[in-house]
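Below you'll find the structure, written out as structure tokens, and then a few comments.
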Amino acid sequence: MAKEYKRYLVTSALPYANGPVHIGHLAGVYIPSDIYVRYLRLRGRDVLWVCGSDEHGVPITIKARREGTTPQQVVDRYHELIRRSFERLGISFDIYSRTSSAGHARTASEFFRRLYDQGDFVERTSMQYYDEEARTFLADRYIVGTCPRCGNERAYGDQCEQCGSTLSPDELIEPRSAVSGSVPVKRETKHWYLPLDRYEEFLRGWILEGHREWKSNVYGQCKSWLDGGLQPRAVSRDLDWGIPVPVEGAEGKVLYVWFDAPIGYISFTQELTPDWERYWKSDDTKLVHFIGKDNIVFHCIVFPAMLRAHGGYILPENVPANEFLNLEGEKISTSRNWAVWLHEYLDDFPGKEDVLRYVLTANAPETKDNDFTWKDFQARNNNELVAVLGNFVNRALVLTKKYFDGTVPACGALMPADEAALAELEGIRGALEGHIEHFRFREALKEAMNVARIGNKYLADTEPWKLWKSDPDRVRTILYLAIQMTARAAVAIEPFMPFSAAKILRMLDAGHIDWERLGEHELIAAGHRIGEPELLFEKIEDDVVQRQLDKLAATKAANAAAERSQNIEKQKDTISFDDFGRMDIRIATVVAAERVAKTKKLLRLEVDTGLDRRVIVSGIAEYYTPEELVGRQVPVLINLAPREVKGIRSEGMILMAADTDGRLRLLAPSEAVASGATVG
């Protein structure tokens, strides 16, 4: 039998304050947790939902350095952008705080000091990479080099994103600093480590035996970590941005962001209520962490070990992590700007907050990575929200307005069609509750939408518009039931689409309807006068979607250009003016051209240099045909020593541009000149 809890404490992974929130964050963490919390509130549960900005760590300092600002200015800007974006989308945190606050610093410091005084840390001295130019130790992610597995020249010190291999900085070929580009050196440094191996037996029993009900991706990743053997994990870093390590001899060191950040859940609850201990230190509280799959190890192994070491805190009852959401078939990447940013969506689609909430829930990556496409977004809006939910609500309200002047008619005798529809509705509340409480939000949304699907079918089967003249009493019963279904739809969709639920209730001119009434026969009394019907959703046209696709296409082109620019060859050794002066470069005209037999790349060109006619062999057959070259004017280095190529004496070299993609391109004067004109 499932345990009954007196209260719920829900946390959501802290968004990192070095950039905006995108749809991957929403689908993975924030929309699922908002659905869950709204549902609990509708059930009258005692629930607190805490979240806030994660504002410490190396990426913040790097961004500040690149922008010429301070870390505090960076986090101030993004904290406000993130907070406001969440608010506009209807994400209903009880508190949205930040880890740069004085209250959080105090709580995190006290937490560290408690473990330090108990002897729970291990001190270690090690050699770590140091950037002498930037004067900072480098986290693994900020060391780049060539992957020893696949040869990718932009692999990170912890992972190669091209082949997926897990790496260490020492494995990289020619490592360099991602901060300054310089070659890092090794320096000795001391840090404090949480010995996770001491808690391995406890964690194995708590997770593998005690929480078999966890989602398979969460349970499986935890098992993999535990089976591989846990190792001590650093809880401090060499950095000047963060919460100082509160012990002597720790100058220039701060709490590692993954030790600091989860303590934010505690400090934010303290900020929210003086009764915070009832939520964190009582066995009749259910603690649930909503996270993405990249945070599983920290919330299921590291943070529970921290709480266990401290003592007195409850541990999470569930950690429903989602997989990743891709965008148009490619992995979302903040560094490449390959994302749909929440604040931009809200500006581009005013009044369509629930459309995004609906699409990201219907396509949520609950068990595997899923893909967001703008065409699917459009189709779900037009074919589901407009054609199903919006259509039913509009028909029920408009017909009631038309035939009964907006007054809910009385219910007469029920016919088989009425009883069949009511029977279908009967099981929806139970199914909704079961899915939400087991974190199956996609299935729950389908059940909520089934109210409208049943309603549409009911109106299509009964056809009240055909009966009005011949049997008005029958129409009264049909529309009475249609209005009840409309009210049910409002209650059922509220956790998923709160703005639309509120709009339906406004059109019904009804106040709040308790969740517990979802299975009742009458939610709106006969004789009640409804408000004015409005369209609940609007179609999204092709041109609107095309603008978003064009924006992504521009991003892709910019990324490609940036990548090509990284392939530009470095400057060669400096030469003197006299060295350059000895080069005799003339404009020559190609008078004949043919392929060199038995080769793929070579052309035999005859050129008029103004001084003579000579033969030059050039490796450009992959890019130009002989016919394209005849008559073209090109720069030629004519005093290059002759050499033999495939039995042909070549007297000179055509000067060309080698693009960053490796393609050779002809150079030419902007207007025709005499053959033999000098270049220099």
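The values are calculated or read from the model by the stated rules, or taken from the named source; none is laboratory data. Source: prediction; values computed, not measured. Note: ideal-geometry Cβ built from the backbone for every residue, glycine included; neighbour counts use all protein chains shown. To get the accessible areas, we keep the full protein, side chains included, count just its heavy atoms, and leave off ligands, DNA and RNA. Shrake-Rupley method; radii C 1.70, N 1.55, O 1.52, S 1.80 Å.
Of the residues examined, residue 410 is not one that is under 24 Å from residue 531 (Cα atoms) and crowded, with 22+ Cβ neighbours inside 10 Å. The residues of segment 4-28 that are assigned to a helix (DSSP H, G or I) and either open to solvent by 10 Å² or more (accessible area, probe 1.4 Å) or modelled with pLDDT under 95 (or both), listed by number, are 24, 25. Taking residues in segment 149-169 that are closer than 17 Å to residue 294 by Cα, and partners anywhere that are modelled with pLDDT under 85 and β-branched (Val, Ile, Thr), the pairs with Cβ atoms closer than 6 Å and at least 6 places apart or on different chains are 159/166. Filtering segment 194-210 to residues that are β-branched (Val, Ile, Thr) and in contact with an Asp or Glu (Cβ under 9 Å, 6 or more places away or on another chain) leaves nothing. With the condition kept exactly as written, say whether any residue in segment 275-282 is surrounded by 21 or more Cβ atoms within 10 Å (Cβ to Cβ), more than 14 Å from the chain's Cα centre (by Cα) and free of Cβ contacts under 8 Å to residues at least 40 places away in the same chain. Within segment 275-282 (the criterion being surrounded by 21 or more Cβ atoms within 10 Å (Cβ to Cβ), more than 14 Å from the chain's Cα centre (by Cα) and free of Cβ contacts under 8 Å to residues at least 40 places away in the same chain), the answer is no, since none of the residues qualifies.
Listed here are the residues, each with its yes/no results for (1) surrounded by fewer than 21 Cβ atoms within 10 Å (Cβ to Cβ); (2) under 30 Å from the mean Cα position of the chain (by Cα).
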| position | (1), (2) |
| --- | --- |
| 246 | yes, no |
| 250 | yes, no |
| 259 | no, yes |
| 266 | no, yes |
| 271 | yes, yes |
| 294 | yes, yes |
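The residue that is most open to solvent (accessible area, probe 1.4 Å), counting only those in segment 307-333 that are at positive phi and free of Cβ contacts under 8 Å to residues at least 40 places away in the same chain, is 312. Determine, yes or no, whether residue 657 is in contact with a strand residue (DSSP E or B) (Cβ under 6 Å, 6 or more places away or on another chain), open to solvent by 60 Å² or more (accessible area, probe 1.4 Å) and at pLDDT below 90. The answer is no for residue 657. The single condition from (1) open to solvent by 10 Å² or more (accessible area, probe 1.4 Å); (2) touching a residue at least 60 places away in the same chain (Cβ under 8 Å) that residue 67 fails is (2).
Applying a threshold of 6 Å to beta carbon distances and a minimum spacing of six or more residues, or different chains, the list of pairs starting in segment 228-254 at a residue that is closer than 19 Å to residue 70 by Cα and ending at one that is of a type in the set (S, T, N, Q) and crowded, with 21+ Cβ neighbours inside 10 Å reads 241/61; 253/236. Of all residues in segment 161-196, those satisfying the criterion of being more than 30 Å from residue 119 (Cα to Cα), in a strand (DSSP E or B) and not hydroxyl-bearing (Ser, Thr, Tyr) are 173, 174, 175, 176, 185. Scanning segment 354-384 for residues that are charged (D, E, K, R) and farther than 30 Å from residue 59 by Cα, we see that the one that is surrounded by the most Cβ atoms within 10 Å (Cβ to Cβ) is 354. Scanning segment 110-146 for residues that are part of a loop (DSSP other than H, G, I, E, B), at pLDDT below 90 and open to solvent by less than 70 Å² (accessible area, probe 1.4 Å) returns 134, 138, 139.
Restricting attention to segment 188-229, the residues that are in contact with a His (Cβ under 9 Å, 6 or more places away or on another chain) and farther than 17 Å from residue 306 by Cβ add up to 3.
Checking the stated criteria, residue 82 turns out to be of a type in the set (A, V, I, L, M, F, W, C), closer than 27 Å to residue 355 by Cα, open to solvent by less than 40 Å² (accessible area, probe 1.4 Å) and in a helix (DSSP H, G or I). Taking the condition in contact with a Gly (Cβ under 6 Å, 6 or more places away or on another chain), modelled with pLDDT of 90 or more and not β-branched (Val, Ile, Thr), does residue 586 pass? Taking the combined requirement at face value, the residue satisfies it. Within segment 513-545, the set of residues being exposed (fewer than 12 other Cβ atoms within 10 Å of the Cβ) and free of Cβ contacts under 8 Å to residues at least 24 places away in the same chain comprises 541, 543. For segment 88-109, the tally of residues that are part of a helix (DSSP H, G or I), open to solvent by 40 Å² or more (accessible area, probe 1.4 Å) and touching a residue at least 24 places away in the same chain (Cβ under 8 Å) stands at 2.
Of all residues in segment 244-294, those satisfying the criterion of being part of a loop (DSSP other than H, G, I, E, B) and farther than 30 Å from residue 36 by Cβ are 245, 246, 247, 248, 249, 250, 251, 252.
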